[in-house]
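K.L.:
Handing you a structure now.
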Amino acid sequence: MIQVRNLTKHFGPNIAVDNLSFEVEPGRVTGFLGPNGAGKTTTLRMILGLVRPEKGTATVDGVSYQRLRAPMREVGAVLDAKAYQPGRKARDHLLALAQASRIPLKRVDEVLGFVGLSDVADRRAGNFSLGMAQRLGIAGALLGDPPVLIFDEPVNGLDPEGIVWIRTLMQGLAAQGRTVFVSSHLMSEMALTASHVIVIGRGHMIADSEVEDLIKRSSGIVVRLRTPKAEVVVPRLQTAGGKVETDSDGAIVVTGLEAAAIGDIAFQAGVPVHELSPVEASLEEVFMELTRDDVEFHGTGAGVVQ
Amino acid sequence: MTQVPTQIIAKSGFPEVAPPNLVDTMRSEWTKLKTLRSTPVTLAIAAVLVIGLSALASFLIAANESSELQHHGSLPTPLQTIQGGWSVGLLAFMVLGVLAVSNEYSSTLIGVTLLATPKRSRLLLAKVIVFSVSMFVIAEVMSFINFFVGHAIISAYPAFPNVSLTSHLVLRVVIGMGIYVTLVGLLGLGTAALMRNTAGSIVACVAFLFILPGILSALPNSWSNPIGEYWPTEAGRRLITLDHGPNTLSAWWGTADLALFILVLLLIADYALAKRDA
């Protein structure tokens, strides 16, 4: 389990991580979401002892990373896919890591085989594609068979096959009872991979919840209504407390009233109903809504700059 | 290849072993040093240049000297002639010391290295030990080969004075060369641990090693003499030269001066490594 308590870090005058507290439980994939610049990588680097917190603590099973006795056997992490010397062979890269962590050397070939890099183990890692680099990073993280795994933006730049591979891997690792913590700025990816998400923006906590709860909580009740007599039913819906907007395709979008209540109102008004459907906001929309105020840079408009 | 086995890692098959210690970090650093492509390439080029240039110098000076049989006070001694190629070697070992650390930063490997060995002082110590021992062995081998090649060439010109290993202090100078270039390599390593940047570290070391002593010698003697005497890389040269001017440190005190300077540099680098974000 990863525990973060009141973690705070500034870079110059800018706050990167602002009094952040959360726990990452074992046995499930936990997504770590936020727009670019939200402080995800800094938080992960503080958990891994690479960046020193100004305030607060980050521990793995109660111990700070720098005090772990055999760190790579307790935590595996991939922060930067291409974090290797390009002139070094993939096998030598892993060999050095295994030696530093006193991991049996036969394990190097095991993890190479597992990530599918056996055939290129003796090639210089500098020639690797991004997908192969990610696999090499993951091989390094799995060397020590650690119960806790941390991945920073693992699917960035990968092709669909690579994305599916990593998604399946993370879910498989979680199913084995490991703690899996994955950062991403892509809500849609986390919707498919994670069962729990921690959302941050500008360094502070926005949401820490189950993916399903997050959707329910944020979307409120949104119902689409299609009727030829909108002018009759809309004032009645507003009287009943609903907010009404018209969609681009002519449908009425009602917020704040249950579908059943809307149906009853239409029936009492004698208005024919062609469509009445509750809308579930996508995780993407929820994310946009949650982080709207916390995006670092806003565009000024959709116009094309000449 | 894209299948994820249900049993990703056999937990039971993984033996409980003691946590890693300094020796494990040293093993890892040794693997890294020898599998870094620049290490063997730089060493091979250095060996060829040092021994080749020394041989060329020995041939040109000895041949010229024996044909003209003219002795000028400014001509190099036989030992200086034989060691002629080592200024290039000095540069090579300095660059190797810089690269041993800076390549981790330029490739962002340092993040992974510190995940495996979060105890940063242990990491720096392992790097220092592995680098000094391996470079010392290689530099000594190079120094002896260099001496014997030069010695053999000069022997072909009986008119030119020669030296042998049994001559007064010659053995010390030949062994001392290995010690001196290893220390210069450590100077590069310490500088890179502090600066974390290849180009900057090399410029700083070249300035310290070659340019600043030259500027110092242009100062008035009352300034340049004491500074020049204790300037670490100049003081360290006492070990590899036979001519002691008046007023200079002994060979071993000069070496101690350089070693002490490097120790302080490494302690500062160690402190900076612990304090800074990686």
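K.L.:
I need the full set of residues from the stretch B:111-136 which are of a type in the set (A, V, I, L, M, F, W, C), surrounded by fewer than 21 Cβ atoms within 10 Å (Cβ to Cβ) and either farther than 29 Å from B:PHE210 by Cα or touching a residue at least 12 places away in the same chain (Cβ under 8 Å) (or both), in order please. Steps first, please.
P.N.:
Of the residues in the stretch B:111-136, the ones of a type in the set (A, V, I, L, M, F, W, C) are B:112, B:114-116, B:123-126, B:128-131, B:133, B:135-136.
After this cut, where a residue has to be surrounded by fewer than 21 Cβ atoms within 10 Å (Cβ to Cβ) as well, the list is B:125, B:129, B:133, B:136.
Selection gives B:LEU125, B:ILE129, B:PHE136.
K.L.:
Please work out which one of (1) over 21 Å from A:HIS185 (Cα atoms); (2) acidic (Asp, Glu); (3) in contact (Cβ under 8 Å) with a residue 60 or more places away in the chain is the condition A:GLU25 fails and give its number.
P.N.:
(1)
K.L.:
To continue, here is another question. Report yes if A:GLY157 is surrounded by fewer than 19 Cβ atoms within 10 Å (Cβ to Cβ), of a type in the set (Gly, Ala, Ser) and under 21 Å from the mean Cα position of the chain (by Cα), otherwise no. It would help to see each step written out before you state the result.
P.N.:
On the way: surrounded by fewer than 19 Cβ atoms within 10 Å (Cβ to Cβ): yes; of a type in the set (Gly, Ala, Ser): yes; under 21 Å from the mean Cα position of the chain (by Cα): yes.
Answer is yes for this residue.
K.L.:
Which residues, taken from the stretch A:174-193, are part of a loop (DSSP other than H, G, I, E, B), farther than 28 Å from A:LYS55 by Cβ and either in contact (Cβ under 8 Å) with a residue 40 or more places away in the chain or touching a helix residue (DSSP H, G or I) at 6+ places or on another chain (Cβ under 6 Å) (or both)?
P.N.:
Filtering the stretch A:174-193 down to residues part of a loop (DSSP other than H, G, I, E, B) leaves A:176-178, A:185-186.
Restricting the remaining residues to those that are farther than 28 Å from A:LYS55 by Cβ gives A:176-178, A:186.
A:GLY177, A:ARG178, listed by residue number.
K.L.:
Can I ask one more? Of the residues in the stretch B:87-106, how many are surrounded by fewer than 24 Cβ atoms within 10 Å (Cβ to Cβ) and β-branched (Val, Ile, Thr)?
P.N.:
2
K.L.:
Which helices (runs of 4 or more DSSP H) sit wholly inside the stretch B:28-140 and have at least 3 residues that are under 30 Å from A:ARG45 (Cβ atoms) and of a type in the set (A, V, I, L, M)?
P.N.:
Of the helices (runs of 4 or more DSSP H) lying wholly inside the stretch B:28-140, those with at least 3 residues that are under 30 Å from A:ARG45 (Cβ atoms) and of a type in the set (A, V, I, L, M) span B:86-106, B:109-116.
K.L.:
Is it true that some residue in the stretch B:238-256 is on the phi < 0 side of the Ramachandran plot, of a type in the set (Ser, Thr, Tyr) and assigned to a helix (DSSP H, G or I)?
P.N.:
Yes.
K.L.:
Just wondering, is there one or more residues in the stretch A:138-155 that are under 30 Å from A:GLN3 (Cβ atoms) and modelled with pLDDT under 90?
P.N.:
So far as the stretch A:138-155 goes, yes, one or more of its residues are under 30 Å from A:GLN3 (Cβ atoms) and modelled with pLDDT under 90.
K.L.:
Looking at B:PRO226 and the list (1) more than 21 Å from the chain's Cα centre (by Cα); (2) more than 24 Å from B:SER121 (Cβ to Cβ); (3) not in a helix (DSSP H, G or I), which single condition is not satisfied?
P.N.:
Just one mismatch for B:PRO226, condition (3).
K.L.:
Sticking with this structure for a sec: Which residues, counting only those in the stretch B:16-40, are over 18 Å from A:VAL108 (Cβ atoms), more than 7 Å from chain A (Cβ to nearest Cβ) and of a type in the set (D, E, K, R)?
P.N.:
Scanning the stretch B:16-40 gives a single hit, B:GLU16.
K.L.:
So, A:VAL78, is that one surrounded by 18 or more Cβ atoms within 10 Å (Cβ to Cβ), over 24 Å from A:GLY49 (Cβ atoms) and either β-branched (Val, Ile, Thr) or without any contact (Cβ under 8 Å) to a residue 24 or more places away in the chain (or both) or not?
P.N.:
When the stated conditions are applied, A:VAL78 does not pass them.
K.L.:
Looking at the stretch B:240-251, is at least one residue within 25 Å of B:VAL98 (Cα to Cα) and not β-branched (Val, Ile, Thr)?
P.N.:
no
K.L.:
Determine which member of the set A:ALA77, A:ALA70 is in the same structural domain as A:LEU97 (by TED's automatic domain parsing) and touching a helix residue (DSSP H, G or I) at 6+ places or on another chain (Cβ under 6 Å).
P.N.:
Every option except A:ALA77 fails the conditions.
K.L.:
Regarding B:LEU189, is this residue surrounded by 17 or more Cβ atoms within 10 Å (Cβ to Cβ), on the phi < 0 side of the Ramachandran plot and not in a helix (DSSP H, G or I)?
P.N.:
Considered against the rule, which asks whether it is surrounded by 17 or more Cβ atoms within 10 Å (Cβ to Cβ), on the phi < 0 side of the Ramachandran plot and not in a helix (DSSP H, G or I), B:LEU189 comes out as no.
K.L.:
Same structure, new question: Tell me which strands (runs of 3 or more DSSP E) are completely within the stretch A:27-140 and hold 3 or more residues being of a type outside the set (D, E, K, R), more than 10 Å from chain B (Cβ to nearest Cβ) and farther than 19 Å from A:PRO154 by Cα, or say none if there are none. Write out each step before concluding.
P.N.:
Values: elements: A:29-33, A:55-60, A:75-78.
By residue number, A:55-60.
K.L.:
Considering each of A:ALA175, A:ALA207 in turn, give the residue that is away from chain B (no Cβ under 14 Å) and surrounded by fewer than 21 Cβ atoms within 10 Å (Cβ to Cβ).
P.N.:
Going through A:ALA175, A:ALA207 in turn, just one is away from chain B (no Cβ under 14 Å) and surrounded by fewer than 21 Cβ atoms within 10 Å (Cβ to Cβ): A:ALA207.
K.L.:
Taking the condition assigned by TED's automatic domain parsing to the domain that holds A:SER183 and farther than 22 Å from B:THR25 by Cβ, does A:ARG91 pass?
P.N.:
So A:ARG91 does not fit the description; no.
The values are calculated or read from the model by the stated rules, or taken from the named source; none is laboratory data. Note that the coordinates shown come from a computational prediction; the quantities given were computed from them, not determined experimentally. No Cβ is skipped: glycine too gets one built from the backbone with ideal geometry, and neighbour counts run over all protein chains shown.
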